[in-house]
Every structure is written in C-alpha cells, then in structure tokens.
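Scroll down for the structure; my scribbles are underneath it.
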Amino acid sequence: MATPAPHYEKSSAAAPHTADLASSTVSLDKDDAAAIVGEHAQNIDPVLEARVLRKIDLFLIPAMIVGYGLVYYDKAILGSATLLGLSKDLNLIVTDTSTRPATTNTSRLSWATSIFYFGMLAGLYPMTFTLQRFNLGRILGGVVIVWGGVCMATAGVTSWRGLYAQRFFLGFVESIIPTGFMVIISGWYTQRDQALRQSLWFSGTGWFTIIGSALNYGFGGITMGYLHRWQYLYLLAGSLTVLFGLWCFAVPNSPVSAWFLTAEERVVAVERLRKGQTGIRCQKIKGSQLREAVLDVKVWLVALMMASAYTVNGAVSGFGPLIVSTFGWTTLDSILLQFPLGGICLIFILLCGWLSSRIPNIRIILLILCCLPVIAGCAIIWKSTWSYRAAAPVVGYSIIGFFGPVVSLIISIGMSNVAGTTKKSFMAAAIFVAYCVGNIVGPQLIKSETKARHYPELWLGLIICYCITIISALTLYFVLRRENSRRSALQSSEEERDRLAFRDLTDKENVYFKYVL
C-alpha cells in the first residue's frame, strides 16, 4: 500500500505517493526535485514543515560544525606545534648568529603555512565538480578518510621539505569540505534559512580555536614519552577526522533521497524550497552556467571580499601563538590566549547568522560593521607597547576575531545569491579559491626582520585588505539592490514562478529570483 501523501491545506496538484517516488527517474540534466513535486506549488502543513526542518538540522548541522572545526584545527595546529618544538625539529626557523645582533628568518614557516593553500587551490574545482557529478556521500566520506590519514602522517615528517609536501597534499584533500558544505546548505535550505545554517557550520572556526587551544595546552604539558609533543597534536586531529569521514558516507545526495526522512517528509523538504528559486541538485555540469558564472560581476565581488578578508586568517592560523609570544607571554600562555579570539569569533558568527535570519537584507550591513573591529585590532597591535605580558596588543589580537563573522557573512551572501547547480558549484569554489589567496598572502606579510617595529607590513597590509572588503561590499549592495528593483517592476505570474523553480535555471535566467542583501 502506498504511504499517505503529506497533509496539505490546499493543493493545486496531488502529492506523489511512495510508489510514484520509487519509480521516478530523472535525467542528469534536470533538478532532482522535478521527480517528486512537479511544476505546480503545493501548500504544506507548517507543523510538518517545522518537523522536517528540525530533522534536517539535527542530521546535518552538528556534524558539519565538527567537520569544519577539524578543517580549521589541523591548519591552526601549526602555530601551537611551532612553539612545542616543530620549528626546531624541522628547522623551520633559522637563526643567523654571525650577525650582531643575531637575526631570525621565519620564511620557511611562512611557506609551510602558505603551501597548504596551494594544495587547496589545486583541489577546489576538481573536488567541487566531482561532488556534483557523483554520489555525494561516497566521495565525501572516502576523501575525508584520506585527509585524516594525511594529517596523521605529519607526525612522521622529519624535515621542512617533507612538511611542505605533506601540507600541499593535506590542502588538496581538505578542499572538498568547505565547498561541499556550502553547496549542501544551499540545496537543503531556503535563502532565509541559509544565513543561520552557513554561520552554524562556519562557527566550527570559533569552537575549535577554543577546543583546539585547550587540547594543545594539555599536550604542551607532556614531559615524557616516545614522541615529541607536537606529534601528538597531529595524531589526534587525524584520528578525529577519520571518525568524521565515516559519518560522511551517510550523507544523501539531496532532500529527494534523504533516508532519514519519510516519503511525505521528503516532499515537504523539497516543496519548501520552491519559493527561493535556487533549485536543489542537478548532476549534469552545464557549460552555459559556467560561462555565466565567469562573466557575473557579483561572483568576482564576492571573491574579492573573501580574498581580502581572509588574509587575517593566513597570519593568525600559522603565526598566532608565535605573535602573541612576542608580546612577552610564555609558550603555554600564548596558546591559552587564543581563547578570547576564538570566543569572539564564535559568538559573533552565530549572532550575525541569527540576525540575518530574522531581519531581511541586513547581511551586507553587518559585514561592513564587523570589518571595523578588525581594522581597530590591527591598529592597536601595531601601535601599542610590546612589553613583558603586555595587555593592549592581546586586546587588539582578540578583537581581530571579528574576521570570523565577516567571512561567514561573505559565504552566506555569495551562496544565497546564485541559482543553478553548476553555477552554485562555481561560486562555492570561487569563494574558496579566494580564501586560499588570502591565506597565501597573509603569512607573506610577516617579515621577521621588522619584529622590532611590530611587523608594520602585516598590520598595514591587513588594514588595507579590510578597506577593500568594505568597498567591495558596498559595490555589491548597490548592484544587487538595483537588480531587485528592476525585477520588481516586471509583470509576474505565480504559476510561471512555480513552474520555473526546479528547472535548474540560474539567477540571471530566472527573473523570479530575488537577491538577498
């Protein structure tokens, strides 16, 4: 007997029965949603919709927070590992005693930080389109387990050259996570829902800055054993990543095939996305959507915002504890002082996501406001006195944690303002290509020979980057607002809007798509 259809208040078309769902087949060039909801809108029970949303949240969000937290943690480990002996064991920091006074060269550490992102650059587009074309869970799970193995292999590295190679391959396999998560969220949630959910998984940055610092502090207290203290950090991170990889195998391709929802709940999960006109998932990679994405100004404005905003992370993840130690704090104190930065990052990522989900068209405004504390923090660090256990630069260092909500909002703005599966994949990859560029540039701004002058190139460079972020955000705001005004003036048809929702059209092809500000 067929499973009863979901309860509808009104319906212009009968809901599909289980038997129909089982027999439905969709060609690769169509949106998966077309298999179960058709072209006519159906009014759904709000109580049932709330239950479906709750089940989706419980399945996806906690694991995604852990997953992205691990992405951030195994990059940020480098800063703590440097203080726990890695730089000495692998000869990453070179001191020239032939000069008076002796000079220190940290360029190898800078490149060890940056080369990770060259690997991520190499992997982003292949990984993103592989996820689109093939079974999402199998690809994601397999690659994540390999990532865990590569992370654990860091404990076996014996030279700085070996570390370079390991970091490149680590970046390559990790590239699957951020773009994969962005595309998953955009295919499971409405535009309004996405602001909070993109913020939730990205909040792993803040959670694991705090949790990771606590773990690193604990391992920093080890005084005996066969391994060096920094080796334990990588073995733990890799082991946790392998466990996360096992969960990834359970991720369905889309709400259409969500095994944790009933047949009626899958219909609701799909139907509730119709109004946003963003589509769900189409496995065919479409050249026309790629061409449109390449020529779309908003794609490049979002990418420019991400590249300029993430230069902060490039410096903080690899050099954060080392920089704090130059303020006159001990090794273990410097690790603990990552807590305030992580706390600010976490709290304001979640707050901005929540506000964006409650107040329409506030995302770009919040982004600009969050840039200001980052600029202030850089200025405070640069111009304050670096003396024994100096407090002022630590305050400045902590408030640059506002880079977290800035980046989270960029992701939300970028992914909510494109439609068409291939175009969404391109946007996701473009955002994280820019992310890699920012992370590559950041460490290169640190010149060890300018330590006595408080690394002026670093702090001035970051201030300039955040000014670029603000200008780009303002430009995007006026571009999107003008286009929304133009579309509002066009004649509209509810029937046609419903019919076009799951045709895998891009935001430019579908005049019923509305941009969020």
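Of the helices (runs of 4 or more DSSP H) that lie entirely inside the stretch 213-313, those containing 3 or more residues that are within 28 Å of residue 412 (Cα to Cα) and within 26 Å of the chain's Cα centre (by Cα) span 229-248, 287-295, 297-309.
Any idea which residue in the stretch 152-172 is least open to solvent (accessible area, probe 1.4 Å), counting only those that are over 16 Å from residue 440 (Cβ atoms) and aromatic (Phe, Trp, Tyr)? Across the stretch 152-172, the extreme among qualifying residues is 160.
Would you check if residue 261 is farther than 22 Å from residue 150 by Cα, in contact with a helix residue (DSSP H, G or I) (Cβ under 8 Å, 6 or more places away or on another chain) and either crowded, with 21+ Cβ neighbours inside 10 Å or not basic (Lys, Arg) (or both)? The answer is yes for residue 261.
Here's the yes/no breakdown for (1) open to solvent by 10 Å² or more (accessible area, probe 1.4 Å); (2) under 19 Å from residue 73 (Cβ atoms); (3) out of contact with any Leu (no Cβ under 6 Å at 6 or more places or on another chain):
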residue: 196; (1), (2), (3): yes, no, yes
residue: 202; (1), (2), (3): no, yes, yes
residue: 223; (1), (2), (3): yes, no, yes
residue: 231; (1), (2), (3): yes, yes, yes
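The listed residues are 128, 113, and the only one of them that is touching a Ser or Thr at 6+ places or on another chain (Cβ under 8 Å) and under 18 Å from residue 187 (Cα atoms) turns out to be 128.
Specify the residue that is farthest from the chain's Cα centre (by Cα); the eligible residues are those in the stretch 343-361 that are aliphatic (A, V, I, L, M) and open to solvent by 30 Å² or more (accessible area, probe 1.4 Å).
In the first step, residues of the stretch 343-361 are kept if they are aliphatic (A, V, I, L, M); the result is 344, 346-347, 349-351, 355, 359.
Now drop any that are not open to solvent by 30 Å² or more (accessible area, probe 1.4 Å), which leaves 344, 347, 350-351, 355, 359.
On the way: 344: 17, 347: 16, 350: 14, 351: 17, 355: 19, 359: 22 Å.
Here the answer is 359.
For the stretch 91-133, the tally of residues that are modelled with pLDDT under 80 and surrounded by fewer than 18 Cβ atoms within 10 Å (Cβ to Cβ) stands at 13.
Out of 471, 440, I need the residue that is open to solvent by 80 Å² or more (accessible area, probe 1.4 Å) and modelled with pLDDT of 75 or more. Which one?
Checking each option against the conditions leaves just 471.
Given the structure, is residue 192 basic (Lys, Arg), open to solvent by 10 Å² or more (accessible area, probe 1.4 Å), modelled with pLDDT under 90 and farther than 19 Å from residue 70 by Cα? So residue 192 passes the test. Within the stretch 349-397, which residues are at pLDDT below 90 and polar (S, T, N, Q)? Residues satisfying the conditions are 357, 384, 385, 387.
Return the only residue of 373, 340, 405 being more than 21 Å from residue 117 (Cβ to Cβ), open to solvent by less than 10 Å² (accessible area, probe 1.4 Å) and assigned to a helix (DSSP H, G or I). It is 405.
The values are calculated or read from the model by the stated rules, or taken from the named source; none is laboratory data. The structure displayed is predicted, hence computed values, not measured ones. Neighbour counts run over all protein chains shown; Cβ positions are idealised from the backbone, glycine included. When the accessible area is computed, the model is the full protein with side chains, heavy atoms only, and any ligands, DNA or RNA have been set aside. Shrake-Rupley method; radii C 1.70, N 1.55, O 1.52, S 1.80 Å.
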